[in-house]
Structure formats: C-alpha cells, structure tokens
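Every number in this text was worked out from the coordinates using simple rules, so none of it is lab data. Given the structure is predicted, the values throughout are model-derived calculations rather than measurements. All Cβ positions, even for glycine, are placed from backbone atoms using ideal geometry, and neighbour counts span all protein chains on display.
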Amino acid sequence: MLVLTRKTGEAIRIGDDIEITVLSVNGDQVKLGIDAPKHVDIHRKEVFLEIQEENKVAANGIEDIEKFLRG
C-alpha cells in the first residue's frame with residue numbers, strides 16, 4: 001500500500017486520467033473529489049463489496065437454472 005500525505009487542495013494522480021483531490025478535512029472526516037473518465041466505476045468500498053456479493057448470488061442462480069434446464 002502506498003501512503004501519501006496531502007493537504008487541502010492538493011491532489012494525487014492515478015495513471016493519466018484519474019485525479020483525486022483533498023477538498024476538506026474536518027476532524028476525522030476527509031472529503032475527496034475524484035475526477036475520472038465516465039467509463040470508470042467509482043464506489044465506496046462497502047457498496048463495491050455489496051455489488052460483488054450480489055453478483056456472486058446472481059451467478060449461482062444462473063448456474064442453478066442451467067443445471068435444471070439440462071435436467
């Protein structure tokens with residue numbers, strides 16, 4: 001893991017087309033701005049993990065249907 005220190009208004013770049021800027025720091029809360037191409041999905045980690053779990057459940061459902069249809 002790369003650890004960086006940034007102040008309000010400072011940014012980091014990821015590749016050529018993603019920029020993350022520290023917008024504000026208030027106590028233990030940090031507000032970030034993310035500038036990325038529209039085709040890049042951006043989610044909070046807990047939302048991302050929930051999406052992954054739902055995709056696994058859906059994939060298992062499709063496998064069950066395929067097994068049923070093959071008989």
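Computed quantities for the displayed model
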item	result
Members of segment 27-67 that are surrounded by 10 or more Cβ atoms within 10 Å (Cβ to Cβ) and in contact (Cβ under 8 Å) with a residue 12 or more places away in the chain	L32, G33, I34, D35, A36, V40
Pairs, first within 19 Å of K38 (Cα to Cα) in segment 5-17, second of a type outside the set (K, R) and surrounded by 10 or more Cβ atoms within 10 Å (Cβ to Cβ), C-beta under 6 Å, six or more apart	I12/I20; R13/E19
Qualifying residues in segment 36-66 (those that are under 13 Å from the mean Cα position of the chain (by Cα) and among the acidic types (D, E)) - the one farthest from R6 (Cα to Cα)	E50
